[in-house]
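For reference, the structure discussed in these notes is given below.
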2 protein chains.
Amino acid sequence: MNEADFIARLRGIATDPAARGLADDTALLGDLVLTHDMIVEGVHFLPDDTPQDIAWKLVAVNLSDLAAKGAAPLGVLLGYSLSGDAAWDAAFVAGLDDVLRRFDVPLLGGDTVRPPAGAPRSFGLTAIGRAPATGAPARGGVRPGDQIWVTGTIGNAGVGLAMRLGEIEPGATCMAAYSRPLPQLALGAALAPHVHAMMDISDGLLIDAERMAAASDCQIALMLEAVPLSAALLAVRPDVLDTRLAAATAGDDYQLLFAADPAQAEAIRSLAATEGIAVTAIGHAAVGAGLRLTHRAQRVALPERLGFAH
Amino acid sequence: MNEADFIARLRGIATDPAARGLADDTALLGDLVLTHDMIVEGVHFLPDDTPQDIAWKLVAVNLSDLAAKGAAPLGVLLGYSLSGDAAWDAAFVAGLDDVLRRFDVPLLGGDTVRPPAGAPRSFGLTAIGRAPATGAPARGGVRPGDQIWVTGTIGNAGVGLAMRLGEIEPGATCMAAYSRPLPQLALGAALAPHVHAMMDISDGLLIDAERMAAASDCQIALMLEAVPLSAALLAVRPDVLDTRLAAATAGDDYQLLFAADPAQAEAIRSLAATEGIAVTAIGHAAVGAGLRLTHRAQRVALPERLGFAH
């Protein structure tokens, strides 16, 4: 059974409205937004990633889910598996302190277990946030005619992972995007009242856009040439279709993907400028289903792999 | 680094009042009580325990933490590691559905990961509850002069585990106590306004009472002859000091341990009678520190192992 099959089964028992059909990465309980993400050695991080980077990623991926709902973080609960290496565990706590201070989020509690020797490292985090007064945008709210936007640039973390694996020369910007993703909390909160739908890009722009289209029962058409790539990425990759498809399927971006009425474009640009983060319209929603890709007005077939499917 | 050392380090960074110094198994956020517990194969359950029983235990241990705060469950988030065995995963979902229906708690969300092949099974659950209007009793509120009470009977699960391991003839009551613990939600909610301190007994009566004494900066004196043992336990074990020490250190009871003014005794007995669950006064709190044990008025030295220290 893969993740999708398992979640389909869980959906059958998660009938409470607060679960949002398990389609939204987060749950809503009153005005609280709740999310729980796990990261596992060899799946979500490399065995020799530093404990500080792993702590950062564990917190950042969960806060990114809150950011996508426009929520202000209230605290986290940590599920920690002792590593059997005291110095490693101590470095993890130091890294955890660092990332929690950086985003001003308190550690509220959790649980610590000692797994059998040799088990892969595995960590969980529950993050709790307060939804914006205007409500938490769902993944499934896209309406035909909406513009589709992303924050920041796409694909840096994928290049950073290649650098981390020694496949290409290291560069600071992409390496940092891989090891120290920045959840877009302030921008997410600012955008929330202006969007119809919002989610974070964790598994890849294309796979996450496809999920947004499915949850919204509409089609999303993306112009690959509009997908924002960083100067750091374009310094090591040529600006060709393959580069753009690789960036759009690499995952680990932790940027926001959102849909809004075109009349909101000016407000959205202005809010993003205030936060000092780029926003780019990369397509639109239409009546229909699934994902539709073009590159410089030419139709592009969907790649077999749209992103990181667990 | 063991669990206690790691938690001591975490305590250094968990300075928010809502964390209650990480001394309480749960966190408080407004009127919400939050808890996150993990269970790991080979540590908290046996490799051949059924997926239904494991799902039950995962939910029950977390709801038991809510029960100890008098909280009414609002929902849970599941952290699931796919087993690589579709039938096993499907049976887990069926068991999860069963236990969530039994306690009327909705599944709100969570995360699913696929760990590397051969990794021990590991699951996490976050449970969210609403604190009672009178406030959630802390672990550290015991006052000298308080009576110390437990709900139900102690030691059944420990005997059930021995039965499960084939060490003694199986018996239904103790086996069920091991595989299907019952969080004392209704009684916990009823007792909360009447107690000074409350916690659940997960690692063993003695180790948990010692933790309560330490958190409360007082001494707890327990009369081992008063510790309530079930008829099912006494059918397979003689009523001698060793049996009582084994029961009081076995863990997995998920009964409530609480402290209250002796003037509350009648109210407490009456509430317990209404719920149909026994409550037993097993000792008292005094000025001092640590745990003090007696058996039929004879002082008993603390056993080396007070319970299940992870």
### Task
Shortest first and in nm with one decimal, please list how far the residue A:266 label point sits from its counterparts in the other copies (point 7 Å along Cα→Cβ).
7.5
#### Entry: Under Karplus coefficients 6.51, -1.76 and 1.60, residue-wise ³J(HN,Hα) of segment B:294-300 in Hz, glycine/proline x
9, 9, 6, 6, 9, 5, 10
### Task
Report the local net charge at residue B:51: Lys and Arg +1, Asp and Glu -1, summed over other residues whose C-beta lies under 14 Å from its C-beta.
-4
### Task
Nearest 5 is fine: what % of DSSP beta bridges in segment A:3-130 come out antiparallel, could you say?
75
### Query
Short version: ³J(HN,Hα) in whole Hz for each residue of segment B:114-120, in order, from phi by Karplus 6.51 cos²θ - 1.76 cosθ + 1.60 (θ = phi - 60°), x for Gly and Pro, what are they?
10, x, x, 4, x, 5, x
### Query
Which three semi-axes in whole Å describe the equivalent ellipsoid of segment B:63-159, each the square root of 5 times a Cα gyration tensor eigenvalue, listed largest first?
33, 17, 14
#### Entry: Estimated translational D of segment A:3-130 in µm²/s (Stokes, Kirkwood radius over Cα pairs; 37 °C; 0.692 mPa s)
212
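Pull up the DSSP beta bridges for the protein assembly as shown and report the antiparallel fraction as a percent, rounded to 5.
Details: 80 of 104 bridges.
DSSP beta bridges in the protein assembly as shown are roughly 75 percent antiparallel.
Please work out the FRET efficiency for the pair residue B:85 and residue A:8, using the Cβ-Cβ distance as r and a Förster radius of 30 Å; give the result to the nearest 0.05. Write out the running numbers ahead of the final one.
Details: r = 17 Å, r/R0 = 0.57.
It comes out at approximately 0.95.
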### Task
With a Förster radius of 45 Å, plug the Cβ-Cβ distance of residue A:226 and residue A:48 into 1/(1 + (r/R0)^6) and report the FRET value to the nearest 0.05.
0.80
### Message
If you average the C-alpha positions of segment B:182-214 and of segment A:266-299 separately, how far apart do those two centres end up, in angstrom?
### Response
54
### Query
Hey, which lysines would be in cross-link range of residue A:57, C-alpha to C-alpha under 26 Å, not counting anything within fewer than 8 residues on its own chain?
A:69
### Query
Expressed as a whole number of Å, what is the distance separating the alpha-carbon centroids of segment A:1-31 and segment B:100-151?
20
### Query
What is the mean number of Cβ atoms from other protein chains located within 10 Å of the Cβ atom of each residue in peptide A:77-83, rounded to a whole number?
6
### Query
Inter-copy label distances at residue A:168, 7 Å along the Cα→beta-carbon direction, one decimal in nm, shortest first?
6.6
## Note on the structure
Subtracting the Cα-Cα distance of residue A:240 and residue A:134 from 0.36 nm times their residue separation yields 34.1 nm
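Give me a single rounded figure for B:87-96: the average over its residues of other chain Cβ atoms within 10 Å of their Cβ.
Working: counts 1, 1, 6, 4, 0, 3, 9, 3, 0, 4.
For this peptide, the per-residue mean of nearby foreign Cβ atoms is 3.
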### Message
Can you work out the Karplus-derived ³J(HN,Hα) for every residue in segment A:170-179? Use 6.51 cos²θ - 1.76 cosθ + 1.60 with θ = phi - 60°, whole Hz, and x for glycine or proline.
### Response
x, x, 4, 4, 6, 4, 5, 5, 6, 8
### Task
Run the quick spin-label model on residue B:98 and residue B:274: label points 7 Å from Cα toward the beta carbon, then report their separation in nm to one decimal.
3.2
## Note on the structure
When chain A is treated as a Gaussian network with springs between alpha carbons less than 10 Å apart, the largest mean-square fluctuation among A:56, A:149, A:88 is found at A:88
### Query
With a Cα-only, solvent-free Debye model of segment A:197-260, what are the log10 I(q)/I(0) values at q = 0.18, 0.20, 0.22, 0.23 Å⁻¹?
-0.66, -0.79, -0.93, -1.00
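Considering only protein heavy atoms and a 1.4 Å probe, what is the carbon-and-sulfur percentage of the accessible area of chain A? All intermediate terms of the calculation are to be shown ahead of the outcome.
Working: 5970 of 11390 Å².
It is 52 percent, rounded to a whole number.
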### Query
Looking only at A:83, A:64, A:270, which one moves most when chain A is put into a Gaussian network model with springs between Cα atoms under 10 Å?
A:270
#### Entry: Computed [θ] at 222 nm, deg cm²/dmol, chain B (DSSP H ≥ 4; -39,500 (n - 2.57); rounded to nearest 500)
-10500 deg cm²/dmol
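Roughly how much accessible area, to the nearest 100 Å², goes out of reach of solvent when B and A pair up, both sides summed, probe 1.4 Å?
On the way: alone 13800 and 13810 Å², together 22770 Å².
That pair of chains buries around 4800 Å² in total.
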### Message
Can you order the peptides B:39-50, B:169-180, B:24-35 by their average number of other Cβ atoms within 10 Å per residue, highest first?
### Response
B:24-35, B:169-180, B:39-50
### Message
Let me understand chain A better: what is its radius of gyration from the alpha carbons, and its Dmax, in angstrom?
### Response
18.9, 57
### Task
Would you pull out the residues with amide H under 5 Å of residue B:112's amide H, same chain only if 5 or more places away, H placed 1.01 Å from N?
B:80
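How large is the accessible surface per residue of segment B:192-310, computed with a 1.4 Å probe and reported in Å² as a whole number? Intermediate results must be reported in sequence, preceding the final value.
Values: 5070 Å² over 119 residues.
Ligands and nucleic acids excluded, the figure is 43 Å² per residue.
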### Query
Averaged across the residues of B:127-140, what count of C-beta atoms belonging to other chains lies within 10 Å of each residue's C-beta?
1
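The values are calculated or read from the model by the stated rules, or taken from the named source; none is laboratory data. Please read all numbers here as calculations on a predicted model, not as lab measurements. So basically every Cβ, Gly included, is an ideal-geometry build from the backbone, and we count neighbours across all protein chains shown. Protein only, heavy atoms only, side chains kept; ligands, DNA and RNA dropped before computing areas. Shrake-Rupley method; radii C 1.70, N 1.55, O 1.52, S 1.80 Å.
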